[in-house]
Amino acid sequence: MARNNDPFSQNIDWLTLLLYLGCVTMGWLNVYAAVYSPEDHTSLFDMTTNAGKQMMWIGTTVILIICILVVNHTFFDTFAFVFYGLMILTLILVLFAGTNINGSRSWFKFGSSLSIQPAEFAKVATALALAKYLDVPGINLSKQKDLMYIGGIIVLPCILILASNETGSTLVFASFVIMLYREGLPGWIPAVGISAAALFVLALVFPKLYIFIGIVALLVLIILLMPRYNRTITNFLAMGLVGIVMIGYVTGVDFFVNNVLQKHQRNRIKVLVDPKIDPLGVGWNVTQAKIAIGSGRLQGKGFLEGTQTKFDFVPEQSTDFIFCTIGEEHGFVGALVVIALFIGLISRIVILAEKQRSKFARVYGYCVAGIIFFHVMINIGMTIGLMPVIGIPLPFFSYGGSSLWSFSILLFIFLKLDSRRTSLMRR
């Protein structure tokens, strides 16, 4: 007989669990390395340091995981919209009662050392709400009405998070496009988004005239490659309209950057386009991050031997720039191991998602994979100068209770849903 009610039985996917434990353990050790002081000889368990506090967060995370595994799997399906509604209320409340930390009013602070960021948990609630809505029979992503409802579920928390000045957390919600595309989102929608992002970057790097010439040349090429029966006046007018919209979009990039974005956001974009623009000012973080990673070379300087780390050259090294510690102390090999660990975890989640019998579980699984992928891509990308510095954590590695709790909850809800599938297979 299958042990359906035993949360610690073989129903849990052990490979995913091992990958998770590997990430958390390596993350804890690297947080310790990032805050280690040779003069003080601080202990790994010193509760006055980030490493000691992270150990406390890991302990409380174990309690959360046990709670998730012992409840019935239908709990998350049944109360998905309730969780979403409560999270929306929390995001509204933090705008009025939250604490301003680093320019962002997105934290609830309890006492002198405990801070919780609701935006981290909003991703979990939104993933559950999307899974619940898409599980309704008859929902079709090619229908405008359904797309509007789904867009509303995603955009509402984005607006509230953006209002608290958390741009990075807002951008993470773009990761849901991966799940939506798997579930039948028309391909032209993500294509438009990718094209818009590419044009935005090109408009910052190259003269506008060159881009205009490129747009016209591209449209002419498309027309020439069209079958003759598609070369109608209507299609020509449509292509012309597309060209006008693209040219107008490129023209408006400068206005958007200079008049809409805040100063720190403009600076991050300038550093992305030209890393050498101000190496001692706005470009300091990225410059020092690349120096730290590059200095690790092939095998790294050794655990606790990173000089960039010890002398605090890289700001936020135990949080947003934790990958610098990995690169400096463990080199290219260590960085490759960490990236391989994430690739393995994301791949395993996708494989399990495809095996789900329930659409709710499959959709949620793809949300989990997309969120983790987006965080890993952006966080590592910004430390090596390929992405703008938007301040999002590296899952399971960066110091912080909100981050560790949210990613663990996100993952283990999916493992609980998957355990139901495996238990049914053994009957």
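At a glance:
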item: Sole exception among (1) in a loop (DSSP other than H, G, I, E, B); (2) aromatic (Phe, Trp, Tyr); (3) surrounded by fewer than 22 Cβ atoms within 10 Å (Cβ to Cβ) for PHE374, by number; result: (1)
item: Hey, LEU86 assigned to a helix (DSSP H, G or I) and more than 30 Å from ALA369 (Cβ to Cβ) or not; result: no
item: Condition check for PRO393: out of contact with any Leu (no Cβ under 8 Å at 6 or more places or on another chain) and not in a helix (DSSP H, G or I); result: yes
item: Residue that is farthest from ASN140 (Cα to Cα) [pool: residues in the range 171-188 that are open to solvent by 20 Å² or more (accessible area, probe 1.4 Å) and touching a residue at least 12 places away in the same chain (Cβ under 8 Å)]; result: LEU171
item: Helices (runs of 4 or more DSSP H) contained entirely in the range 230-340, each with at least 3 residues that are crowded, with 19+ Cβ neighbours inside 10 Å and not hydroxyl-bearing (Ser, Thr, Tyr); result: 263-273, 284-295
item: Residue within the range 277-288 that is touching a residue at least 40 places away in the same chain (Cβ under 8 Å) and under 18 Å from PRO207 (Cα atoms) present; result: no
item: Tally of residues being farther than 18 Å from PRO393 by Cα, buried (at least 21 other Cβ atoms within 10 Å of the Cβ) and not aromatic (Phe, Trp, Tyr) across the range 341-362; result: 5
item: Any hit, the range 342-355, residues being at pLDDT below 95 and over 23 Å from LEU18 (Cα atoms); result: no
item: Any hit, the range 263-282, residues being within 30 Å of THR25 (Cβ to Cβ) and in contact with a Ser or Thr (Cβ under 6 Å, 6 or more places away or on another chain); result: no
item: The range 372-390 residues that are without any contact (Cβ under 8 Å) to a residue 24 or more places away in the chain, paired with ones that are of a type outside the set (Gly, Ala, Ser) (beta carbon under 8 Å, 6 or more apart); result: MET377/MET387; GLY381/MET387
item: Residue match in the range 307-318 (condition: of a type in the set (A, V, I, L, M, F, W, C) and touching a residue at least 40 places away in the same chain (Cβ under 8 Å)); result: no
item: Residues located in the range 130-171, provided they are part of a helix (DSSP H, G or I), of a type outside the set (S, T, N, Q) and farther than 20 Å from PHE81 by Cα; result: LEU162, ALA163, GLY168, LEU171
item: Within the range 396-414, tally of residues that are outside any loop (DSSP other than H, G, I, E, B), out of contact with any Asp or Glu (no Cβ under 8 Å at 6 or more places or on another chain) and open to solvent by 10 Å² or more (accessible area, probe 1.4 Å); result: 1
item: Qualifying position, being modelled with pLDDT under 90, of a type outside the set (Phe, Trp, Tyr) and under 22 Å from GLN144 (Cβ atoms), among THR234, THR167; result: THR234
item: Only one of LEU64, LEU86, LEU134 that is over 22 Å from PRO393 (Cβ atoms), open to solvent by less than 60 Å² (accessible area, probe 1.4 Å) and touching a residue at least 24 places away in the same chain (Cβ under 8 Å); result: LEU134
item: First in the range 142-168 and over 21 Å from TRP188 (Cβ atoms) and touching a residue at least 24 places away in the same chain (Cβ under 8 Å), second anywhere and of a type in the set (Lys, Arg) and not in a loop (DSSP other than H, G, I, E, B), Cβ under 6 Å, 6 or more apart; result: SER164/ARG105
item: Qualifying residue in the range 68-82 (condition: in a loop (DSSP other than H, G, I, E, B) and open to solvent by less than 70 Å² (accessible area, probe 1.4 Å)); result: yes
item: Residues that are open to solvent by less than 40 Å² (accessible area, probe 1.4 Å) and under 17 Å from ILE409 (Cα atoms), drawn from the range 38-57; result: GLN54, TRP57
item: Checklist (1) of a type outside the set (Asp, Glu); (2) more than 27 Å from the chain's Cα centre (by Cα); (3) under 17 Å from PRO207 (Cβ atoms) applied to VAL273, failing item; result: (2)
item: Residue match in the range 309-328 (condition: modelled with pLDDT of 90 or more, over 17 Å from LEU394 (Cα atoms) and among the β-branched types (Val, Ile, Thr)); result: no
item: MET382 vs. criteria assigned to a helix (DSSP H, G or I), at pLDDT below 95 and under 21 Å from ASN165 (Cα atoms); result: yes
item: Residue count for the range 192-229, restricted to those that are within 28 Å of ASN140 (Cα to Cα) and open to solvent by 50 Å² or more (accessible area, probe 1.4 Å); result: 4
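The values are calculated or read from the model by the stated rules, or taken from the named source; none is laboratory data. Values in this document were obtained by computation on a predicted structure and should not be read as measured data. Don't worry about glycine lacking a Cβ; one is built from the backbone with ideal geometry, like all the others, and counts go over all protein chains shown. In case anyone asks, the SASA skips ligands and DNA or RNA and just uses the protein heavy atoms, side chains included. Shrake-Rupley method; radii C 1.70, N 1.55, O 1.52, S 1.80 Å.
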